[in-house]
Amino acid sequence: MDLNPTFPSLIDSTILSSYLACPRQFYWAWINRLTVSQKSIHLHAGGAFAAAIETFRLSFYGAGSDYDTAMRDAIERFIKEWGDFPLMEDDNKSFYNMLGAINSYFTTYPPATDYVKPYMANGKPAVEFSFAIPTSVLHPETGEPILYGGRCDMIGDMNGTLMIVDEKTTSQLGNSWSKKWQMRGQFAGYVMAARRLGNLPVAGAMIRGVSILKAGYGHAEALVYFPEWQIERWWEHLQHNLRCMVDDWRHSQALMSGTRHSPAGFDQNFSDACAAYSSCQFLNLCMVEYPENWIDGYFIRNDWNPLARNPEEPKP
Amino acid sequence: MSNETEAVPADLTLALSKVNDLRARVLRGEKLTPEECREALLALRSGRSAAAKRGAEKAKITKVKAEQLDLNAFFKPK
């Protein structure tokens, strides 16, 4: 496979997190768009789950369907989204477990009495909106502003207070689960987009966790608020890191003095990021002196689309 | 909201086969009814719960058996 380094025109929270964890990982994953050949069950299962929840809400709140009809619509959508992906029977996030999680979610939060309902915009529930905001950092190849974008599950109305609502499936819920969202840039970005692009007074985010256990499902909620000063700091942090990415890109190009790029322009972590989540998928490339020789056969091109529900879906 | 107290077969295999049937029909382009979806979800829930219960009982039995083992017997000189 020929490497074709391209600087991304749109950065989302996943791409930014990758750069923050390890610039070299960012280089392989987002500049060269490489990924291991097997698709991620977590992304696939999470995407199908989110699609089903969205369909339920559109049917129940938007079209005025009854509970059972909305659930039928959600199940049909879930099955279509899962498609011919393996059912992964032995995995925590198997097709069957995820289907049960949809049922458990709406049993725990019955939509008729749920204290968080979708914000209605022109008679339609505000579910699944995507956004792209221009930053002040210019793209090193096109000279256009680099965009920051994402896709949010829902804007909820919580007794008159607007909140971003996002569902997360996990294997475990606990104190550490609740605390991990307090400074999450992903939600700062959603809140900022809703305030600046939608002109909506969104106060923060509500994250609803669904844990998939052997004997059933667990549920937890975390509420985080983002005052304007914190949004400003996050925006500065984002742009600072975009500038660092562009500097690394130029350094990487300068090392090869031409159109080619050297991985050496992007620093390595040499620490926890190498072993995080049962090891970085590019670990083997850092273990050999000439990584370019080891790409064929181990990696495929990644068509990550940050504005899609399952970002591994190819771009339309 | 659904009434979830109906009797459903507490058998995971049967539940999975109901779900598989729904899946095959949706992938063929057929439309499902709300009733059959509700039934499949109830079957899945109770089948999964029964399977987990059986798993926990089996684990208990294994534990009791393990406690009965005399480990010294393994290290006796021959």
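What is the order of A:Ser13, A:Ser271, fewest Cβ neighbours within 10 Å to most?
A:Ser271, A:Ser13
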Take the protein assembly as shown, compute every pairwise Cα distance, and split them into 10 Å bins from 0; I just need the percent in each bin. 4, 19, 27, 23, 16, 8, 3, 0, 0
For chain A, modelled as a GNM with alpha-carbon contacts under 10 angstrom, which of A:Asp68, A:Asp303, A:Asp84 fluctuates the most? A:Asp84
When Lys and Arg each count +1 and Asp and Glu each count -1, what net charge do the other residues less than 10 Å away from A:Ile212, Cβ to Cβ, add up to? +1
Excluding A:Leu138 itself, what net charge comes from residues whose Cβ is under 14 Å from its Cβ, given Lys and Arg +1 and Asp and Glu -1? -1
Neighbour cut-off at most 16 other Cβ (10 Å), DSSP loop, GluC sites (Glu not before Pro), region A:1-103: A:Glu89
Of A:Tyr225, A:Tyr148, A:Tyr115, which has the largest mean-square fluctuation in a 10 Å C-alpha GNM of chain A? A:Tyr115
Evaluate the relative contact order of region A:116-226 (contact order divided by residue number), counting alpha-carbon pairs under 8 angstrom at least 6 apart; express in whole percent. 23 percent
May I ask you to list the chymotrypsin sites (Phe, Trp or Tyr not before Pro) in region A:246-300 that are in a DSSP loop and have at most 11 other Cβ atoms within 10 Å of their Cβ? A:Phe270, A:Tyr277
Might you report the magnitude of the Cβ-based charge dipole of the protein assembly as shown about its Cα centre, with Lys and Arg at +1 and Asp and Glu at -1, to the nearest 20 debye? 840 debye
Hand me the trypsin sites (Lys or Arg not before Pro) from region A:234-284 located in a DSSP loop with no more than 13 other Cβ atoms within 10 Å, in residue order please. A:Arg260
Taking A:His240, A:His44 and counting other C-beta atoms within 10 Å, the order from fewest to most: A:His240, A:His44
How high is the relative contact order of chain A, given as a whole-number percent (alpha carbon pairs under 8 Å, six or more residues apart)? 22 percent
Charge sum, other residues only, whose C-beta stays under 13 Å from A:Arg260's C-beta, Lys/Arg counted +1 and Asp/Glu -1: -2
Any idea how far the Cα center of region A:120-151 sits from the one of region A:205-245, in Å? 18 Å
So for chain A, taking the charge dipole from beta-carbon charges (+1 Lys/Arg, -1 Asp/Glu), which of A:Leu162, A:Asn32, A:Tyr290 sits furthest toward the positive end? A:Leu162
Cross-link partners of A:Lys168 among aspartates and glutamates (Cα-Cα below 14 Å; sequence separation of 8 or more within a chain): A:Glu54, A:Asp153, A:Glu221
By count of other Cβ within 10 Å, fewest leading, how are A:Val246, A:Val202 ordered? A:Val246, A:Val202
Tell me, what ³J(HN,Hα) does each residue in region B:22-29 have, in order and in whole Hz, if you take phi through Karplus 6.51 cos²θ - 1.76 cosθ + 1.60 with θ = phi - 60° and put x for Gly and Pro? 4, 4, 4, 5, 5, 5, 7, x
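Every number here is computed from the coordinates shown, using simple stated rules; none is lab data. Please read all numbers here as calculations on a predicted model, not as lab measurements. Quick reminder, even Gly has a Cβ in these numbers, built from the backbone with ideal geometry, and neighbours come from all protein chains shown.
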